[in-house]
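See below for the structure under consideration.
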Amino acid sequence: MQLLEALNWRYATKKMNGQPVPQEKVDQILEAAQLAPTSSGLQPFKIIVITNPGLKSKIQPIAMNQSQVVDGSHLLVFAAWDNYTAERIEEVFTHTAAERGVPASTFDDYCNRLKGMYLSRSAERNFEHAARQAYLSFGLAIAAAAELQVDATPMEGFDNAALDELLELPQQGLKSVTLLPLGYRDTENDWLVNQKKVRTPKSVFLSQIA
């Protein structure tokens, strides 16, 4: 599908039918998420892909008992860095230099500027910044799923602290940000499936300065 057609097709699926999403489609969605732009290219987050039924069952009550968590075949957890550190920033540019075949010192000045900016800020402020980068990836994953006609339900309604503890995210220097179940709509039982898509009128939503 064309992108706009796909975005009109998608909706926040409320009931999924348990049909598994083919792995090749999941891989494409994850690749789109990986290719998302992020501030300074730091990609300060991870995506955790959960298919284990038992683990999804433990997550469901943490996520306000939303059925898509267990009825979707894949649950994506977007988890951001809890803070920026010198080591994390340096690792990104060491990898970039190696991939581009240039000396590791190529990015020293830029890397030092970033460390000067981030390391002087609070962990809370840095996490909020990292979480915003995760949302860029989150949005592209949703769009990619729509193009592939895979249903995806964006979720913020969950207990972040409880999920972090369950997945042992603090030990990895991460905090959960959003959830994205992937699956297929249950057209017989989803009350939202045939509802008209409604958005703020463009006359209100858009403002142009010439």
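The values are calculated or read from the model by the stated rules, or taken from the named source; none is laboratory data. On a predicted model such as this, the values are computed, not experimentally measured, just so you know. For neighbour counting, all protein chains shown are included, and Cβ atoms are generated from backbone atoms with ideal geometry for every residue, glycine included.
Can we say GLN19 is surrounded by 13 or more Cβ atoms within 10 Å (Cβ to Cβ), part of a loop (DSSP other than H, G, I, E, B), of a type in the set (S, T, N, Q) and at pLDDT 95 or above? When the stated conditions are applied, GLN19 passes them.
Would you check which residues across region 173-189 are touching an Asp or Glu at 6+ places or on another chain (Cβ under 9 Å) and either within 17 Å of SER57 (Cα to Cα) or surrounded by fewer than 18 Cβ atoms within 10 Å (Cβ to Cβ) (or both) and list them? Talk me through it step by step, then tell me what you get.
In the first step, residues of region 173-189 are kept if they are touching an Asp or Glu at 6+ places or on another chain (Cβ under 9 Å); the result is 173-179, 181-186.
Across region 173-189, the qualifying residues are GLY173, LEU179, PRO181, LEU182, GLY183.
Check whether at least one residue in region 57-64 is of a type in the set (A, V, I, L, M, F, W, C), modelled with pLDDT of 95 or more, closer than 30 Å to VAL92 by Cβ and buried (at least 16 other Cβ atoms within 10 Å of the Cβ), and report yes or no. Steps first, please.
Step one: list which residues in region 57-64 are of a type in the set (A, V, I, L, M, F, W, C), which gives 59, 62-64.
Right, trim to modelled with pLDDT of 95 or more and you get 59, 62-64.
Okay, now just the ones that are also closer than 30 Å to VAL92 by Cβ, so 59.
Imposing the further condition that a residue be buried (at least 16 other Cβ atoms within 10 Å of the Cβ) reduces the set to 59.
Yes.
Do we have any residue at all in region 31-43 that's assigned to a loop (DSSP other than H, G, I, E, B) and under 24 Å from ASN189 (Cα atoms)? No, region 31-43 contains no residue that is assigned to a loop (DSSP other than H, G, I, E, B) and under 24 Å from ASN189 (Cα atoms).
Inspect region 169-177 for any residue being among the β-branched types (Val, Ile, Thr), over 19 Å from PRO37 (Cα atoms) and outside any helix (DSSP H, G or I) and give the result as yes or no. Spell out the reasoning first.
The first filter runs over region 169-177 and keeps only residues among the β-branched types (Val, Ile, Thr), leaving 177.
So of that shortlist, the ones also over 19 Å from PRO37 (Cα atoms) come out as none.
No: zero hits.
In region 61-76, the residues that are at positive phi form Cβ pairs under 9 Å with partners that are surrounded by fewer than 24 Cβ atoms within 10 Å (Cβ to Cβ), at six or more places apart or across chains, as follows: MET64/MET155; MET64/GLY157; MET64/PHE158; MET64/ASP159.
Quick one: would you say ASN126 is surrounded by 15 or more Cβ atoms within 10 Å (Cβ to Cβ), under 22 Å from the mean Cα position of the chain (by Cα), at pLDDT 95 or above and not in a loop (DSSP other than H, G, I, E, B)?
Details: surrounded by 15 or more Cβ atoms within 10 Å (Cβ to Cβ): yes; under 22 Å from the mean Cα position of the chain (by Cα): yes; at pLDDT 95 or above: yes; not in a loop (DSSP other than H, G, I, E, B): yes.
Spelling it out, ASN126 is indeed surrounded by 15 or more Cβ atoms within 10 Å (Cβ to Cβ), under 22 Å from the mean Cα position of the chain (by Cα), at pLDDT 95 or above and not in a loop (DSSP other than H, G, I, E, B).
Residue by residue through region 129-161, note down the ones that are of a type outside the set (A, V, I, L, M, F, W, C), outside any helix (DSSP H, G or I) and touching a Pro at 6+ places or on another chain (Cβ under 8 Å). Even if it seems obvious, please write down each step before you answer.
Initially, region 129-161 is screened for residues of a type outside the set (A, V, I, L, M, F, W, C), giving 129, 132-133, 135, 137, 139, 147, 149, 151, 153-154, 156-157, 159-160.
Subset that is outside any helix (DSSP H, G or I): 149, 151, 153-154, 156-157, 159.
Result: THR153, single match.
Go through region 80-109 and report how many residues are surrounded by 13 or more Cβ atoms within 10 Å (Cβ to Cβ), of a type outside the set (D, E, K, R) and either in contact with a helix residue (DSSP H, G or I) (Cβ under 6 Å, 6 or more places away or on another chain) or over 20 Å from SER120 (Cα atoms) (or both). Give the derivation first.
Filtering region 80-109 for residues surrounded by 13 or more Cβ atoms within 10 Å (Cβ to Cβ) gives 80-86, 88-90, 92-94, 96-97, 104, 106-108.
This time we only want the ones that are of a type outside the set (D, E, K, R), so: 80-81, 83-86, 89, 92-94, 96-97, 104, 106-107.
With either in contact with a helix residue (DSSP H, G or I) (Cβ under 6 Å, 6 or more places away or on another chain) or over 20 Å from SER120 (Cα atoms) (or both) added as a condition, the list becomes 80-81, 83-84, 86, 89, 93-94, 96-97, 104, 106-107.
Total satisfying the criteria: 13.
Any residue at all in region 78-101 that's of a type in the set (A, V, I, L, M), in contact (Cβ under 8 Å) with a residue 40 or more places away in the chain and under 23 Å from GLU168 (Cβ atoms)? Yes, there is a match, as at least one residue in region 78-101 is of a type in the set (A, V, I, L, M), in contact (Cβ under 8 Å) with a residue 40 or more places away in the chain and under 23 Å from GLU168 (Cβ atoms).
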